[in-house]
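The values are calculated or read from the model by the stated rules, or taken from the named source; none is laboratory data. Just so it is clear, the model here is predicted, and its values are computed rather than measured. Reconstructed Cβ throughout: ideal geometry from the backbone, glycine too, with neighbour counts over all protein chains shown.
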Amino acid sequence: MPETATTLEVREPTADARIIDIKGDITAGSEDLLMEAYGRASGGGVRAIVLSFVGLDYMNSGGIGLLVTLLVRAQRQRQRMLAFGLSDHYRQIFELTRLDEAVSIHESEDDALAAAS
């Protein structure tokens with residue numbers, strides 16, 4: 001079974017926040033891509049990292065583990081982590097794993113950016 005390509009793009013919508021657009025799958029195999037995208041996003045005094053899950057196709061427990069690692073790195077840099085575009089299924093997983101207590105979840109990109117500022 002071929003693996004879905006994962007792409008992570010970093011955008012700079014404001015001086016304080018960076019958005020990481022997630023497209024494809026997030027699994028344990030996505031670690032290098034995700035950490036590299038975080039490295040590009042986190043420099044320059046950025047106060048908030050916003051994860052866009054609009055293009056997410058699939059995420060497993062390994063992917064959840066990577067998000068926890070990313071969250072720890074962001075917290076060490078005193079950065080907030082926010083998210084938008086989660087499907088009902090993944091929103092429920094965030095609630096079950098209590099990730100929603102550490103990652104601020106929003107309905108839209110505009111809502112997340114407003115909360116980040």
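Laid out as a table, the results:
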quantity: Neighbours by Cβ (under 8 Å, 6+ apart or cross-chain): first from region 35-47, in contact (Cβ under 8 Å) with a residue 60 or more places away in the chain; second hydrophobic (A, V, I, L, M, F, W, C); calculated: 47/17; 47/116
quantity: Close pairs (6 angstrom Cβ cut-off, 6 or more residues apart or separate chains): at positive phi and free of Cβ contacts under 8 Å to residues at least 40 places away in the same chain in region 11-31, in a loop (DSSP other than H, G, I, E, B) and among the hydroxyl-bearing types (Ser, Thr, Tyr) anywhere; calculated: 24/4; 24/6
quantity: Single unsatisfied condition, residue 34 versus (1) on the phi < 0 side of the Ramachandran plot; (2) exposed (fewer than 13 other Cβ atoms within 10 Å of the Cβ); (3) not basic (Lys, Arg); calculated: (2)
quantity: In region 74-104, the residues that are under 16 Å from residue 44 (Cα atoms), of a type in the set (Lys, Arg) and either crowded, with 19+ Cβ neighbours inside 10 Å or under 14 Å from the mean Cα position of the chain (by Cα) (or both); calculated: 80
quantity: In region 70-94, the residues that are touching a residue at least 24 places away in the same chain (Cβ under 8 Å), touching a Leu at 6+ places or on another chain (Cβ under 9 Å) and either outside any strand (DSSP E or B) or among the acidic types (Asp, Glu) (or both); calculated: 70, 71, 85, 86, 87, 90, 93
quantity: Test: residue in region 34-47 that is modelled with pLDDT under 95 and assigned to a helix (DSSP H, G or I); calculated: yes
quantity: Condition met for residue 50 (surrounded by 13 or more Cβ atoms within 10 Å (Cβ to Cβ), β-branched (Val, Ile, Thr) and within 20 Å of residue 23 (Cβ to Cβ)); calculated: yes
